[in-house]
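Working notes for the structure below.
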Amino acid sequence: MAGMLSFPDVGQDYPEKRAAEQRAEDFSEISRAYAVAKAEEQSSRCSQCGVPYCSTHCPLHNHIPDWLRLTAEGRLREAYELSNATSTMPEICGRICPQDRLCEGNCVIEFSGHGAVTIGSVEKFITDTAWEEGWVEPIVPGPAKGQSIGVIGAGPAGLTVADLMRTRGYDVHVYDRHDRPGGLLTYGIPGFKLEKHIVMRRVERLEAGGIVFHHNFEVGRDATLDDLRARHDAIVVATGVYKPRAIKAPGVGAGGVVEALDYLIASNRKGFGDAVPAFDDGSLDAKGKNVVVVGGGDTAMDCVRTAIRQGASSVKCLYRRDRANMPGSQREVKNAEEEGVEFVWLAAPDAFHDSKGEVAGVQVAKMRLGDPDASGRRAPERDAGSEYRLDADLVIKALGFDPEELPKLFNAPELAVTRWGTLRVDHKTMMTSLDGVFAAGDIVRGASLVVWAVRDGRDVSERMHAWLKTKAAARAEEKAAA
Ligand SMILES: Cc1cc2nc3c(=O)[nH]c(=O)nc-3n(C[C@H](O)[C@H](O)[C@H](O)COP(=O)(O)OP(=O)(O)OC[C@H]3O[C@@H](n4cnc5c(N)ncnc54)[C@H](O)[C@@H]3O)c2cc1C
Ligand code: SF4
């Protein structure tokens, strides 16, 4: 078995990649053997219970017990092939799925109090091994269909559609407003959770398979939706959700009160070795600062853990509900606490203090939980007279994201949206209100998970393929009749 990981040539070198290569070189046969033994040991804990709740609670319905059994028997290649059959990026989901809420949280061994099989880690291990061993096949496009599709957005939903449609023989063009593909895999999720070379080697495989990427191409600025519809036989909108939810409090405009995604993108760009003026001048660097992150979701967790790694003096996370009612993963909270983050539960920012235009502190109001609101969750209420001040040199707003106004942005007023601003699709066809325009991922679901984006990409590919086949047949009939 090879002792070294290999990395694709993605046309550039960057510190994280070099560091990873160095670590790979240091990866001895002993630790390799240990990793194999660990994966086999975990896999052999699967009781093959016959009621695979793990699979039913995996959005991809991965054949988990079967690939665990193959791993336990040391048949890693077959395990990989089975896992790869239902997922376009198993090593990525294995790293970043909230398994405690999905497959592992529904393992019968977990129910019996003995701790779940570590399904995500095994999935990561077998697919990483497949890359090392050269078992990951290149894309071999099917017979050319003579039809082309345009994918707007190179996140996990768009990349999945691109992969599966190219394999079926379509010409595929992917448009993204960023300079690198991957969506939030590249510029949202921090490198300590998802190493960037893991994402880039997937992208490299897609490029090698003939998928054409148009970087720095923003639909709405560089083309309208109609322009793309004229270029392609079908379109998939997979643009994610990027409008940050605002905080309405005096002083929120002070310098040093920043958006979570600006902060995370800057940090991820540094990981690639890019020049990032707003990081280099200190504005988006937490080093030596008292950092306050506002929010209780996974984005907030990524911000606090990034700030710790950048060498912040202190990191506090303000959340207006209590620990039991926070939306983020409890596992992430535990990790963050172990790393030194202080959680301030039942607390919300009332105002931001500044010194010469730069934030200097947060006026915090204590909250308590009142009666359930329309969503069924107990609504936070202000505890009058409870305000106090926290010092802060950097405040990161991480309250979540809503969809941008796509009909306006795309100059397509007839593109129907829901009352939340997500794209309205027919759930049978996965088509929007516009003929031949499909949609997938967060722009349909609202802020969700990578594994759901992959699932949507898979489903849209099937529906789109069926639709394109009918269209091609109708065209052929018309031609024959003419
Ligand atoms: C900070 C953060 C951390 C997260 N951590 C996790 C995690 O640990 N595990 C997990 O499962 N999920 C996590 N998520 C959620 C997950 O990343 C998303 O659910 C998933 O990426 C959605 O995939 P998508 O393909 O729909 O959209 P995205 O990944 O958002 O990709 C959309 C792409 O569309 C492009 N785009 C947008 N508008 C245009 C336009 N007009 N023209 C051209 N291109 C455009 C964007 O540049 C982007 O590349 C996290 C989210 C955030 C914000
Ligand atoms: S894709 Fe996610 S939920 Fe499904 S098996 Fe893998 S880690 Fe579990």
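The residue list Thr224, Thr167 contains one member that is free of Cβ contacts under 8 Å to residues at least 60 places away in the same chain and polar (S, T, N, Q), which is Thr167.
With respect to (1) more than 23 Å from Asp298 (Cα to Cα); (2) within 16 Å of ligand 1 (Cβ to nearest atom), the lone exception for Val117 is condition (2).
Of everything in region 123-154, what is under 20 Å from Trp452 (Cα atoms) and within 16 Å of ligand 2 (Cβ to nearest atom)? Give them in sequence order. Full working, then the answer.
Step one: filter region 123-154 for residues under 20 Å from Trp452 (Cα atoms), giving 123-124, 127, 151-154.
Glu123, Lys124, Thr127, listed by residue number.
Can you tell me which residue among Asp350, Asp354, Asp298, Asp322 is within 16 Å of ligand 2 (Cβ to nearest atom) and open to solvent by 20 Å² or more (accessible area, probe 1.4 Å)? Residue meeting the stated conditions: Asp298.
Restricting to region 238-262, count the residues that are of a type outside the set (Gly, Ala, Ser) and within 16 Å of ligand 1 (Cβ to nearest atom). If you could, list the steps in order and put the result at the bottom.
Let us first name the residues in region 238-262 that are of a type outside the set (Gly, Ala, Ser), namely 239, 241-245, 247-248, 250, 252, 257-259, 261-262.
In the following step, the residues that additionally are within 16 Å of ligand 1 (Cβ to nearest atom) were identified as 239, 241-245, 258-259, 261-262.
The qualifying residues number 10.
The condition of being open to solvent by less than 10 Å² (accessible area, probe 1.4 Å) and of a type outside the set (Asp, Glu) holds for only one of Val212, Val174, that being Val174.
Of the strands (runs of 3 or more DSSP E) lying entirely inside region 381-482, those containing at least 3 residues that are in contact with a strand residue (DSSP E or B) (Cβ under 8 Å, 6 or more places away or on another chain) and in contact (Cβ under 8 Å) with a residue 60 or more places away in the chain are 394-397, 437-439. Limited to region 162-205, what total is found for residues that are more than 16 Å from ligand 2 (Cβ to nearest atom) and not in a helix (DSSP H, G or I)? Here the count works out to 21.
For region 67-119, the candidate set comprises residues that are assigned to a loop (DSSP other than H, G, I, E, B) and away from ligand 2 (no atom under 11 Å from the Cβ); within that set, the residue that is most open to solvent (accessible area, probe 1.4 Å) is His114. For region 192-201, a residue qualifies if it is open to solvent by less than 20 Å² (accessible area, probe 1.4 Å) and away from ligand 1 (no atom under 11 Å from the Cβ), and the qualifying residues are Lys196, His197, Ile198, Met200, Arg201. Of everything in region 133-161, what is outside any loop (DSSP other than H, G, I, E, B), of a type outside the set (D, E, K, R) and more than 18 Å from Asp459 (Cβ to Cβ)? Give them in sequence order. Within region 133-161, Ser148, Gly150 qualify. Within region 340-357, is even one residue within 24 Å of the chain's Cα centre (by Cα) and in a loop (DSSP other than H, G, I, E, B)? Yes; the residues of region 340-357 include at least one that is within 24 Å of the chain's Cα centre (by Cα) and in a loop (DSSP other than H, G, I, E, B).
Pull up region 36-66, narrow it to residues that are more than 10 Å from ligand 2 (Cβ to nearest atom) and not in a helix (DSSP H, G or I), then point me to the one that is surrounded by the most Cβ atoms within 10 Å (Cβ to Cβ).
Taking region 36-66 as the starting set, the residues that turn out to be more than 10 Å from ligand 2 (Cβ to nearest atom) are 36-53, 56, 65-66.
Filter once more, keeping what is not in a helix (DSSP H, G or I): 45-52.
Working: Arg45: 15, Cys46: 24, Ser47: 14, Gln48: 10, Cys49: 13, Gly50: 7, Val51: 10, Pro52: 22.
Ranking the candidates gives Cys46 first.
Phe438 falls short on exactly one of the conditions (1) within 24 Å of the chain's Cα centre (by Cα); (2) open to solvent by less than 10 Å² (accessible area, probe 1.4 Å); (3) closer than 29 Å to Met326 by Cα, and that condition is (3). If the condition is being more than 15 Å from the chain's Cα centre (by Cα) and among the charged types (D, E, K, R), then region 154-203 contributes Asp163, Arg166, Arg168, Asp171, Asp176, Arg177, Asp179, Arg201.
Take the residues in region 128-181 that are among the hydroxyl-bearing types (Ser, Thr, Tyr) and within 16 Å of ligand 1 (Cβ to nearest atom), then tell me which one is farthest from Glu218 (Cα to Cα). Quick ask: steps written out before the conclusion?
Of the residues in region 128-181, the ones among the hydroxyl-bearing types (Ser, Thr, Tyr) are 129, 148, 160, 167, 170, 175.
Narrowing further to those that are within 16 Å of ligand 1 (Cβ to nearest atom): 160, 175.
Working: Thr160: 20, Tyr175: 7 Å.
Filtering region 128-181 for residues that are among the hydroxyl-bearing types (Ser, Thr, Tyr) and within 16 Å of ligand 1 (Cβ to nearest atom), the one farthest from Glu218 (Cα to Cα) comes out as Thr160.
For region 256-293, a residue qualifies if it is of a type in the set (A, V, I, L, M) and either part of a helix (DSSP H, G or I) or under 12 Å from Val359 (Cβ atoms) (or both), and the qualifying residues are Val257, Val258, Ala260, Leu261, Leu264, Ile265, Ala266, Ala278, Val291, Val292. When Trp131 is tested against (1) aromatic (Phe, Trp, Tyr); (2) surrounded by fewer than 16 Cβ atoms within 10 Å (Cβ to Cβ); (3) at pLDDT 95 or above, only condition (2) is not met.
Restricting Thr129, Thr186 to those that are closer than 26 Å to Ser329 by Cβ and among the hydroxyl-bearing types (Ser, Thr, Tyr) reduces the list to Thr186. Here Val450, Val444, Val454, Val417 are screened, and the one residue that is open to solvent by less than 20 Å² (accessible area, probe 1.4 Å), within 30 Å of Pro98 (Cα to Cα), within 23 Å of the chain's Cα centre (by Cα) and not acidic (Asp, Glu) is Val454.
Picking from residues in region 230-255 that are surrounded by fewer than 17 Cβ atoms within 10 Å (Cβ to Cβ) and in a strand (DSSP E or B), the one that is nearest to ligand 2 (Cβ to nearest atom) is Lys243.
The values are calculated or read from the model by the stated rules, or taken from the named source; none is laboratory data. Bear in mind that the values here come from a model prediction, so they are computed numbers and not experimental data. Ideal geometry is used to build each Cβ from the backbone, glycine not excepted, and the neighbour counts take in all protein chains shown. All accessible areas refer to the heavy atoms of the entire protein, side chains included, with ligands and DNA or RNA removed. Shrake-Rupley method; radii C 1.70, N 1.55, O 1.52, S 1.80 Å.
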